[in-house]
Amino acid sequence: MGKVVTLGEIMLRFSTDSGIRIAQTEAFTAHYGGGEANVAVSLANYGHQVAFASKVPDNALGEAVRKHLNRYGVDTKHLLKGGPRLGSYYLEAGVGERAASVIYDRAGSSFAVMETAEWNIEELFSGCDIFHISGITPALSAAWRDLTLVLIKAAKQAGCLISFDVNYRGKLWSREEAGKSIRTILPYVDYCSAGKLDAQHFLEVTAYNGDSEEEEASYYYREMQKKYPNISVFYSTKRKVHSASANELIGTLWSDGHYYESQCHLIDPIIDRVGGGDAFAGGVLHGLLNKDDHQKVINFATAASALKHTVHGDCNQFSQEEVESFLALGSGKIIR
């Protein structure tokens, strides 16, 4: 099994029940989560040695974060304590034709206000196989745009493969800001989660003008790899949204000039979509660490993401054996 370091902000999430709006709710359900932390949980569930690096306040909320991560087997020795507060966000659950909605309350958090890399860099990346980070982190501040690149270069120098998930959040920064930052990061990346819209909006790829859906997917991957030949694996999902409660999900992967696609998963009803992309990324990294063939990688990752949609909270709660059993048995069968 591999050794992985993920780094980013973890937050406290307050969620309404389905059918209740934030302005009318009298109670919230609390969960802890964040893109890179969720990936760490997935990989730990699959038996990998995973450390999550971040900063949380030195109070009961910071301690709750540590306990949340430790519960899933994530190493928190690089979880710094200090700073003003824990970031949070509010999720109004979607249902039917009404989409879910997020309100951030993360400004001035302990992680967001960091100005320097406070970790022992040599210790942070010692023996690390993969360093995973996402586009959410450089979106937090001008300082974090610089720090993200500093950390990626240090990890690269230490011999780590770099995994980067574009993970664009329009409520945190503009497309122009994101594109400029992402294009400085990608020359150092080995594995990248990026799809059609990422290619168009941030990587300056011209829109596909053909009429073949299969060729369209290959086109964007091919054009992205032309721009960044250092990236050996691109991956993303294709999602058909029937409603907030019912989606079809297909995973796609590009490597060595070859396109791979998973079976289609109909997820109906969706219990909680948040973290589905992180579960997918965790599944891809798991397969790459195990050196599985690429078709197996994308099948596993998409199944893991589909399963994540069936549980509350940000993080994947399924083991490798459970994901493989789901793939083997198919949807909805009783396991007994």
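The values are calculated or read from the model by the stated rules, or taken from the named source; none is laboratory data. All figures in this text were calculated on a predicted structure; none of them were measured in a lab. FYI the Cβ positions are ideal-geometry reconstructions off the backbone, even for glycines, and counts take in every protein chain you see. Surface accessibility is based on the protein's heavy atoms, side chains included, excluding ligands, DNA and RNA. Shrake-Rupley method; radii C 1.70, N 1.55, O 1.52, S 1.80 Å.
Shape class of the stretch 93-215 from the Cα gyration tensor (axes a ≥ b ≥ c, square roots of the eigenvalues): oblate, since a/c reaches 1.5 or more and a/b does not exceed b/c. By a 1.4 Å probe calculation restricted to protein chains, Asp190 has an accessible surface near 20 Å², given to the nearest 10. Exposure check, 1.4 Å probe, all protein chains in place: Arg145 carries approximately 70 Å² of accessible surface. The value for the chain of Rg(Cα) / (2.2 N^0.38 Å) is 0.94.
Within the stretch 271-302, name every residue whose backbone N is under 15 Å away from a label modeled 7 Å from Cα of Leu197 along the Cβ vector. Those under the cut-off are 274-278. Structure note, pairs Lys156/Lys240; Lys238/Lys308; Lys77/Lys156: Cα-Cα distances above 28 angstrom occur for Lys156/Lys240.
Solvent-accessible area of Cys315, all protein chains in place: 10 Å² (probe radius 1.4 Å, heavy atoms, ligands and nucleic acids excluded). With the largest listed first and rounded to whole Å, the semi-axes of the equivalent ellipsoid of the stretch 244-309 from the Cα gyration tensor are 22, 12, 8. Structural descriptor for the stretch 264-336: relative contact order 35 percent, calculated from alpha carbon pairs under 8 angstrom and at least 6 residues apart.
Ratio of Rg to Rh for the stretch 10-130: 1.02 [Cα atoms; Kirkwood radius as inverse mean 1/r over pairs].
Rolling a 1.4 Å probe over the protein heavy atoms of the chain, with every protein chain left in place, gives an accessible area that is 48 percent carbon and sulfur. Given an 8 Å cut-off on Cα distances and at least 6 residues of separation, report the relative contact order of the chain as a percent. Dividing the mean separation by the residue count of the chain yields 16 percent. Radius of gyration (Cα atoms) of the stretch 114-179, expressed as a multiple of 2.2 N^0.38 Å: 1.15. Across the protein chains, with a 1.4 Å probe defining accessible surface, the residues Glu115, Glu177, Glu63 rank Glu115, Glu177, Glu63 from largest area downward. Note that the chain presents 44 Å² accessible area per residue, ligands and nucleic acids not counted, probe 1.4 Å. If you sort Glu214, Glu261 by accessible surface, 1.4 Å probe, largest first, the order is Glu214, Glu261.
If the chain linking Val95 and Arg239 were pulled fully straight, counting 0.36 nm for each residue of separation and taking away their Cα-Cα distance, it would gain 50.2 nm. Amide H contacts of Ala53: Thr6, Leu7, Gly8, each under 5 Å away and 5 or more positions distant or on a separate chain (H built 1.01 Å from N in the peptide plane; Pro and chain starts excluded). For the stretch 169-314, the alpha carbon positions stretch 38, 37, 32 Å along the principal axes, listed from largest to smallest.
Here the sum of -39500 (n - 2.57) over DSSP H runs of 4 or more residues, divided by the residues of the chain, equals -10500 deg cm²/dmol at 222 nm, to the nearest 500. Scalar couplings 3J(HN,Hα) for the stretch 69-77, obtained by applying the Karplus form with A = 6.51, B = -1.76, C = 1.60 to θ = phi - 60°, are 5, 4, 4, 9, x, 7, 6, 10, 5 Hz; x denotes Gly and Pro.
Counting only DSSP beta bridges whose two residues both lie in the chain, roughly 50 percent are antiparallel. Magnitude of the charge dipole for the chain, about its Cα centre and with charges confined to Cβ atoms of Lys, Arg (+1) and Asp, Glu (-1), is about 460 debye.
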